[in-house]
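These notes are about the structure you will find just below.
The values are calculated or read from the model by the stated rules, or taken from the named source; none is laboratory data. Note that this is a predicted model, so its numbers are computed, not measured. Here the Cβ is made from the backbone with ideal geometry for all residues, glycine too, and neighbour counts use every protein chain on show. Protein only, heavy atoms only, side chains kept; ligands, DNA and RNA dropped before computing areas. Shrake-Rupley method; radii C 1.70, N 1.55, O 1.52, S 1.80 Å.
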Amino acid sequence: MGFAVFMTLPGLVILLTLAAFADQLLLRDDEEDGAPPDRTTIDLEGRTAVVRRPRS
């Protein structure tokens, strides 16, 4: 019976809202994990890209 609720338009809206909320929580956790610093710079107007290698 619960599956039939999510086959209706209001049920689908609720399901997608919950999925988006859960996704944002997971993305927030990834941002706090401490990813390495970005070493790439792209200047679209000047048409240059700079990629810096990590120091050994």
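Right, residue 29: modelled with pLDDT under 80 and either open to solvent by less than 100 Å² (accessible area, probe 1.4 Å) or over 30 Å from residue 55 (Cα atoms) (or both) or not? Spelling it out, residue 29 is indeed modelled with pLDDT under 80 and either open to solvent by less than 100 Å² (accessible area, probe 1.4 Å) or over 30 Å from residue 55 (Cα atoms) (or both).
Against the condition open to solvent by 80 Å² or more (accessible area, probe 1.4 Å) and at pLDDT 80 or above, how does residue 16 come out, does it pass? Yes, satisfied.
Considering 52, 47, the condition of being surrounded by 10 or more Cβ atoms within 10 Å (Cβ to Cβ) and at pLDDT 80 or above is satisfied by 52 alone.
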